[in-house]
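Below is one structure; the comments refer to it alone.
The values are calculated or read from the model by the stated rules, or taken from the named source; none is laboratory data. Predicted model only: the values in this text are computed from it and were never measured. Here Cβ is always computed from backbone atoms with ideal geometry, including for glycine, and neighbour counts include all displayed protein chains.
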Amino acid sequence: MTDPLADRSERVRRCLRRGVDAVLDPQPFAIEPPFVGVLLVLSAALWEFYGVVDVVGGVPQFLVTVAATVVVAVVAARVIAPRAGLWIGTGLFAVGSAVYLLAVPASQRALFTLPQLVFDTVSLLSGLSVLRLAEPTSWVLSMAPVPAFLAVYAGLRGRYTLALIAPGGALGFFVLTGDAGTAVTLLGTLGVALAFGLDSLSVPGGLETKRGTLGAVLLAMLLVTSTLTVVPGGAAGPFVVDRGTSGLESTLSADEEELTIVGSVRLSQEVRFTVESDEPAQWRTGIYDEYTGDGWTRSGETTLYDGELDGPPGPTERVTQDVTARTEMGVFPAAAQPVALEGPTAQNARVTDLGGIHPSVTIRDGETVRIESERLRSEPEELRNASTDYPEEIEAKYTDLPESTPDRVGELTAEIVDEADADNPYDAAVAIEQYLEENKRYSLTVERPSGDVADAFLFEMDAGYCTYYATTMTAMLRSQDVPARFVTGYTTGERIGEHEWAVRGQNAHAWVEVYVPEHGWVEFDPTPSDPRDSVRDARLVEARQGGVEGVDVEGSGPEEWTPDDDIDGEIDDDIDDPAETEPGDDPEVDDVLDPDADDPADAGGVQPVSGVDQREFEDVGAAPGLDEPGDEERTLPSRDDVGYGALLLFGVAVAIRHRGWDRRAYRGVWLRYPVRRRDPETDVHRAFARLEYLLGRRYRPRRRTETPRTYLTAMRLRGADERIEEVFDAYERARYRGDVSRAEADAAIETVEELAWESTPVIRRLRR
Amino acid sequence: MLPDRFTPEIRPTRRGRSVVAVCLFAAAMAWIAGPRALNAVVAPGIVGLAAAYLQLRGLEAPRVVRDLPPDAHAGTSHELRLRFADAGEATAGLSDPFLARITERVDDGLELEQPAVEATVGTGEVRFDVTYRRRGERSLGPTELVATDVFGLLSREFDCEPVDSVLVYPERHPIPEQFRFGLYDHEDVGTSRQRDEFDQLREYEEGDSLRDIHWPATARKDELIVKEFVADVQGPSVSISVGGRGADRNATAATSVALALLEDGLPVALSAPNGRVETFPGGDPRQLLELLTRLPRGEVPDPDADVVIEGTHRRTQIRTDGETHRFDQLREAVAPGSVDDRTEKPAEMRTGKPTPGAVPAADGGEQ
């Protein structure tokens, strides 16, 4: 009885021991040079992860997670065998995926079918930002440890292939989703190259002989990447927005969810759509909730439009709008808050989490959609007295700022609010709106700031356009914990009938909505309107004179619909924006937005699928030489240009030094242009030194064992000019007798000079 | 198809193929779904590959300069050092050193502890540990180089001449004292073994040492004349004759016995199917060892010698004065502790582990 039992326990023990042997493999700590490259790649990947949490929140958790992972990986590298380490890495990935799935709300998890997952993956890899993922913070916290662990563990174990694949793959993913910029990507690529190089050079004598080559190639990579574009510049964007043709849908997105803030922009004068409406309004097309520091994204999923939506909770008024597209269009422009749709495109319309409605097919030219909106009619007094008891999900969604936002934004905002004696969010918003209108100048020609846009606009820039104003105001409100969001759309447009307006590309605009409990979203517009009008008018006149097509529709023209002058004021009073602080303001403001102008291919593209039609703007950088107002800001080379120029110079200098060209050039001058003369002896010595160098270049250098005499004889035998004898005679006399005369010294100098010139390829012929 | 300058022998390594794959994928993604930051992946990749090609294109096969290990017994280990020189240059060292994986190709009778080494070719030495396994003339080379660029993306193969050779003498084992003492009266041993007493000149016979040739006389007579010393003719010389099947075993036995006797101070006259040689204590045993290194299968030339070493298809026997010993038993008789310290001991005698080279190798004797 005891035998089989003992046998089994013995077998179990042996099995355990084998398991422990397979897992444990203590090894002393060793950091080898290629690990530097691994760390570079890892830094680039982690930087991108950080970029996500910086926007969506969770920086402290992220830092703690990464630090803990690195510590664990360092310990693991000392004791755990490579195979087990790989399994741990894979396990981390599996656990991370599971944790992420659990973190995603159940309603969304139900959508995780296989085709859906495949499609979402394709969408991400074709350029959809990871910020569009549900619960991006959870995603980062569950995924970042995988590359961190594998890179540190495998790097310390000397398994550089694995150590590079893990963070390199993560970085590659961010490149494909379009989240990684060129600089960070290049850092990662150079990290891989450095690790490869140092790995190859780790053989005996490798580093001593080949480090110059390695450095030169790395530098070449840097320079070529900064100056040349070798990849095909396809005009395509993420597959997911290409709904017009594919009809595919995703839980991730059904619209243009990102808006990147760019520099200078141009206006388009083409009419986009006309609206027949009871009342004029700003036609909203897009709502954004997540501020990334350099742009906006929309989070959450979309659902199919299925009957009338809820309007704002406050007192409202119904407005019916018939929007007729005058070009292909991918949006439903309507006054806030659209609640009902009619028309063929209404069928597959989708509703975002934020309350926007978007078509899922392109609206064709001439097609009309009827949109019903409920407009908020609350009085300023009511809004002032409203509670500040925000619903939790509103507060969570709309008060987030990137954690890298400088504190001074909040400090300045608090100051402004204090100065205005605003004791409620509504007054605070009015104060901020006023501050921006008064302190910033309107200009379409700005250089895109490098850091946080709101911070830069507040403290570094003195001019900007609507995107800058609205972004900054939203960020300022959020810094005071007032829920606010960034919305895009069009201003009212040109009035072409009693109840009809023509809206052009140049009417594109961005403004702000502030949440007031029990009322809803209240519109604010911090952009000063007068300068916009003048820019717009000038452009429109130019366009008409230039005969640009599509500028006018029936009813529009140089003479606006009468009674023109009164209407402007009327419109303003009518506009459903209780916060409008400038009664004389023309709501028909013109502005431009750039939904995604980072991609020059998008600018001027023909896909009318974005939140704002992409033809509304053209990046000035992409179309130089076209009419641009205020060109002076572009005359100085940008910081990037200066940086690349400096790099290029440095590269050339390194190359020259590497090939020894600097020394040769110096020698060339030294040989042909003798310095000023001194006493005859010194001159003769110098002349002889030159002669020796010349002969060394032409035949061979003097050997150490050779006397000058034997050397010269050997050179004569090899065919050197007989004049070298004269120089040598003078040298011998100067050296051993010390009585060389001025004339002899001059003769020697001249002879050497002649010989030098005669050995110069082209000059030789000229002097003959 | 391609012009010569494209040097088609340059091939991508596994790493290089991965880089090409990543670049193609990135370019395809850029073409399909927009460029994004993919240029920062593709451009450095192309630069790396182009730089790799340029680094390898201009290379030429260097000449290998071997610092050869000495001729020695099978079972011993030595260091082999390689240096490289530009083809046609006398001095070692390359004008353009490069990284390479260096593989030294050696004969079956030699074994390299690590046949391939990664190093910089053209700056320093590359060392290999070589173990002599089987007797014979053993060749080293040609050396194979797989040159790579600094990133290890592309590679190019070279074969470096020339081929060198070393002699591996038969293995040597200690011989027990009682066996040796049975062969001679050991009081006679150790006296008058000097080569300073000149006796006479005579014609060269096969097996005579080259250093015994008397050159002045040779020059006069048009034939080789050798010197003979007093020691050569005096004193008891032990004659050993070796032959039979199992030449490897026989060679080992003859080497062990002959060297043991020489160290005891006895002249040895060895006859074998491939020649005969006489060696004196204190003299150079190289001739004797060369003879045994090349020992073939064949009849014992002198069955009446003092010691007859004859191999059968199973074993090698040593016959002296009617006594017959088996060589393998003789080896076992030497207990590890009692081994004569002066004798050179093969590694396996100390560790007790047999090595493959110690097993009689096939020369037909086993069939």
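So which of A:456, A:422, A:396 is outside any loop (DSSP other than H, G, I, E, B), small (Gly, Ala, Ser) and closer than 20 Å to residue A:513 by Cβ? Quick ask: steps written out before the conclusion?
Working: A:456 fails: closer than 20 Å to residue A:513 by Cβ; A:422 fails: outside any loop (DSSP other than H, G, I, E, B).
The conditions single out A:396.
Each row is one residue, and each column tells you yes or no for (1) assigned by TED's automatic domain parsing to the domain that holds residue A:207; (2) polar (S, T, N, Q); (3) modelled with pLDDT of 85 or more.
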{"residue": "A:9", "(1), (2), (3)": "no, yes, yes"}
{"residue": "A:13", "(1), (2), (3)": "no, no, yes"}
{"residue": "A:91", "(1), (2), (3)": "yes, no, yes"}
{"residue": "A:105", "(1), (2), (3)": "yes, no, no"}
Being among the small types (Gly, Ala, Ser) and more than 34 Å from the chain's Cα centre (by Cα) is true for just one of A:420, A:429, A:349, A:396. Which residue is that? A:420
Go through segment B:211-230 and give me each residue that's outside any strand (DSSP E or B), at pLDDT below 80, surrounded by 15 or more Cβ atoms within 10 Å (Cβ to Cβ) and not aliphatic (A, V, I, L, M). B:212
Is it the case that residue B:35 is within 14 Å of chain A (Cβ to nearest Cβ) and assigned to a loop (DSSP other than H, G, I, E, B)? yes
Within segment A:733-744, can one find any residue that is closer than 20 Å to residue A:668 by Cβ and part of a helix (DSSP H, G or I)? no
Applying the selection to segment B:35-80, what residues are under 20 Å from residue B:132 (Cα atoms) and basic (Lys, Arg)? B:66
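Only one of A:174, A:119 is assigned to a helix (DSSP H, G or I), of a type in the set (A, V, I, L, M, F, W, C) and modelled with pLDDT of 85 or more. Can you tell me which?
Values: A:119 fails: modelled with pLDDT of 85 or more.
The unique qualifying residue is A:174.
Taking the condition of being touching a residue at least 60 places away in the same chain (Cβ under 8 Å), within 8 Å of another protein chain (Cβ to nearest Cβ), closer than 16 Å to residue A:144 by Cα and in contact with a Ser or Thr (Cβ under 7 Å, 6 or more places away or on another chain), how many residues in segment A:168-182 meet it? Outline the logic, then answer.
From segment A:168-182, those touching a residue at least 60 places away in the same chain (Cβ under 8 Å) are A:168, A:170-171, A:174, A:178-180; that's our starting set.
Pick out the ones that are also within 8 Å of another protein chain (Cβ to nearest Cβ) and you get A:178, A:180.
Narrowing the set further to residues that are closer than 16 Å to residue A:144 by Cα leaves A:180.
From what's left, in contact with a Ser or Thr (Cβ under 7 Å, 6 or more places away or on another chain): none.
Residues that pass the stated criteria total 0.
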Taking the condition surrounded by 14 or more Cβ atoms within 10 Å (Cβ to Cβ), among the hydrophobic types (A, V, I, L, M, F, W, C) and modelled with pLDDT of 80 or more, does residue A:691 pass? yes
If we keep just the residues of segment B:254-282 that are under 23 Å from the mean Cα position of the chain (by Cα), buried (at least 21 other Cβ atoms within 10 Å of the Cβ) and not polar (S, T, N, Q), which is farthest from residue B:71 (Cα to Cα)? B:272
For residue A:39, indicate whether it is of a type outside the set (Val, Ile, Thr) and modelled with pLDDT of 85 or more. yes
Which members of segment A:457-474 meet the condition of being free of Cβ contacts under 8 Å to residues at least 60 places away in the same chain, buried (at least 22 other Cβ atoms within 10 Å of the Cβ) and under 22 Å from residue A:403 (Cα atoms)? A:457, A:458, A:469, A:470, A:472, A:473
Examine segment B:295-318 for a residue that is within 22 Å of residue B:209 (Cα to Cα), among the basic types (Lys, Arg) and surrounded by fewer than 21 Cβ atoms within 10 Å (Cβ to Cβ), and state whether such a residue exists. no
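Looking at the structure I just gave you, is residue A:413 β-branched (Val, Ile, Thr) and either touching a helix residue (DSSP H, G or I) at 6+ places or on another chain (Cβ under 7 Å) or assigned to a loop (DSSP other than H, G, I, E, B) (or both)?
Against the criterion (β-branched (Val, Ile, Thr) and either touching a helix residue (DSSP H, G or I) at 6+ places or on another chain (Cβ under 7 Å) or assigned to a loop (DSSP other than H, G, I, E, B) (or both)), residue A:413 qualifies.
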From the list B:90, B:61, exactly one residue is in contact with a Cys (Cβ under 9 Å, 6 or more places away or on another chain), modelled with pLDDT under 90 and either assigned by TED's automatic domain parsing to the domain that holds residue B:293 or assigned to a loop (DSSP other than H, G, I, E, B) (or both). Which is it? B:61
Unmet requirement for residue A:185, which otherwise passes all of (1) within 8 Å of another protein chain (Cβ to nearest Cβ); (2) of a type outside the set (Asp, Glu); (3) within 30 Å of residue B:101 (Cβ to Cβ): (3)
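Each row is one residue, and each column tells you yes or no for (1) within 39 Å of the chain's Cα centre (by Cα); (2) modelled with pLDDT of 95 or more; (3) exposed (fewer than 14 other Cβ atoms within 10 Å of the Cβ).
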position	(1), (2), (3)
B:13	yes, no, no
B:21	no, yes, yes
B:34	no, no, no
B:65	yes, no, no
B:74	yes, no, no
Among the residues listed as B:331, B:249, B:286, the single one being touching a residue at least 60 places away in the same chain (Cβ under 8 Å) and under 28 Å from residue B:228 (Cβ atoms): B:286
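In contact with a helix residue (DSSP H, G or I) (Cβ under 9 Å, 6 or more places away or on another chain) and surrounded by 12 or more Cβ atoms within 10 Å (Cβ to Cβ): is that true of residue A:665 in this structure? Can you show your working first?
Working: in contact with a helix residue (DSSP H, G or I) (Cβ under 9 Å, 6 or more places away or on another chain): yes; surrounded by 12 or more Cβ atoms within 10 Å (Cβ to Cβ): no.
Considered against the rule, which asks whether it is in contact with a helix residue (DSSP H, G or I) (Cβ under 9 Å, 6 or more places away or on another chain) and surrounded by 12 or more Cβ atoms within 10 Å (Cβ to Cβ), residue A:665 comes out as no.
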Hits in segment B:101-125 (condition: away from every other protein chain (no Cβ under 14 Å) and in contact with a Gly (Cβ under 6 Å, 6 or more places away or on another chain)): B:109
If I filter segment A:364-403 down to residues being touching a residue at least 60 places away in the same chain (Cβ under 8 Å) and hydrophobic (A, V, I, L, M, F, W, C), which single residue comes out as surrounded by the most Cβ atoms within 10 Å (Cβ to Cβ)? A:376
Going residue by residue through segment B:140-154, is there one that turns out to be away from chain A (no Cβ under 11 Å), under 30 Å from residue B:247 (Cα atoms), among the β-branched types (Val, Ile, Thr) and crowded, with 18+ Cβ neighbours inside 10 Å? no
State whether one or more residues within segment B:126-135 are at pLDDT 90 or above, in contact with a Gly (Cβ under 8 Å, 6 or more places away or on another chain), assigned to a strand (DSSP E or B) and under 20 Å from residue B:286 (Cβ atoms). yes
I need the full set of residues from segment A:177-216 which are aliphatic (A, V, I, L, M) and surrounded by fewer than 24 Cβ atoms within 10 Å (Cβ to Cβ), in order please. A:183, A:184, A:186, A:187, A:190, A:194, A:198, A:201, A:203, A:207, A:214, A:216
Does residue B:128 fit the bill of being within 12 Å of chain A (Cβ to nearest Cβ) and within 28 Å of residue A:196 (Cβ to Cβ)? no
Output for segment A:242-297, where each listed residue is on the phi > 0 side of the Ramachandran plot and at pLDDT below 60: A:247
Being facing another protein chain (nearest Cβ under 7 Å) and within 22 Å of the chain's Cα centre (by Cα) is the filter here; which residues of segment A:200-233 pass it? A:221, A:224, A:225, A:228, A:229, A:230, A:231, A:232, A:233
